[in-house]
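This structure is in structure tokens; I'll ask about it shortly.
What follows is calculated from the coordinates using simple rules that are stated; it is not laboratory data. Given the structure is predicted, the values throughout are model-derived calculations rather than measurements. Cβ placement follows ideal geometry from the backbone for every residue including glycine, while neighbour counts extend to all protein chains displayed.
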Amino acid sequence: MTNGKSTPPDAVIPGPDEPGIELVLEAVLFAASEPVPVKDLMAACAVADDSAGRADIETALERLSAHYRDRSIELVRSAGGYRFRVRQRFSGHVQAAQPERPQRLSRALLETLAIIAYRQPVTRAEIEEIRGVAVSTQIMRALTERGWVHVVGHKEVPGRPGLYATTRAFLDDLGLGRLDELPPLDALRDLVDLPGGEPADPRVAVTGEPDGGAAQEPESGH
């Protein structure tokens, strides 16, 4: 296609059999292990149709989403972009087919994550006050190593403790685009949990009641 543009000598010239942008989007999203930003989807589609703009890509994504409406997988948009994922009601079947079950996260870690998600930014001392127990360094390290929480600043009090908040990766793992899309805490379990109470990794349930009265954190972060 010319469209008044000069074609680089190494460019791929779309032929009559070049796939449409919906097929290109489908291929890219199936191959991706992480959400794909719109700008990267546009770059992929430019090979098939260099006149396709952002509006064309988003329209094609809507059609692709409709195509999978009654399938076991769905197209979702999160903070990091678009991706395919297995619908929640099929998660148990997928887990049953895996030879090694993912490591179950502890109740203490899930409670800590829930407090950060709904009260952010929050200090470790404030987390401990809400839970009523000391939060182990292992739990905080596990959450940061998973890329779900990070320090976004320091509270202006003696010692200037770190303020923790969730990351874009946390939203991506839950298939959410913004923090204001977080459901009520009770509903969050339905969003991320497997049937029968076995949480799927990384979309684990963030729920549970505080361990009232315990002086130290007994649970591991893993």
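Hey, with R₀ at 35 Å, roughly what FRET efficiency would R77 and E156 work out to, going by the Cβ-Cβ distance, to 0.05?
For R0 = 35 Å, the calculated efficiency reads 0.45.
What FRET efficiency, computed as 1/(1 + (r/R0)^6) with R0 = 22 Å and r the Cβ-Cβ distance, is obtained for R168 and D70, rounded to the nearest 0.05?
That pair, R168 with D70, gives E of 0.15.
Within a 10 angstrom radius of the beta carbon, how do I73, I116 rank from fewest other beta carbons to most?
Final ranking by Cβ density, sparse to dense: I73, I116.
At 7 Å along Cα-to-Cβ for each site, give me the label-to-label distance between E128 and V28 in nm.
4.8 nm
Shifting gears a bit: Report Rg/Rh for the range 107-197, rounded to two decimals, where Rg is the Cα radius of gyration and Rh the Kirkwood radius. Intermediate results must be reported in sequence, preceding the final value.
On the way: Rg = 13.3 Å, Rh = 13.8 Å.
Result for the range 107-197 is an Rg/Rh of 0.97.
Using the 10 angstrom Cβ neighbour count as an exposure proxy, how do M42, M140 rank, fewest first? Kindly include the intermediate steps, with their values, before the conclusion.
Working: M42 17, M140 20.
Going from least to most buried by this count: M42, M140.
Starting from the 7 Å offset along Cα-to-Cβ, what nm value, one decimal, do you get for the label separation of A96 and Q138?
If labels sit at A96 and Q138, their model points lie 3.3 nm apart.
Divide the volume of the convex hull of the Cα atoms of the range 21-86 by its number of residues and quote the answer in cubic angstrom per residue.
Convex hull of Cα atoms, per residue: 73 Å³.
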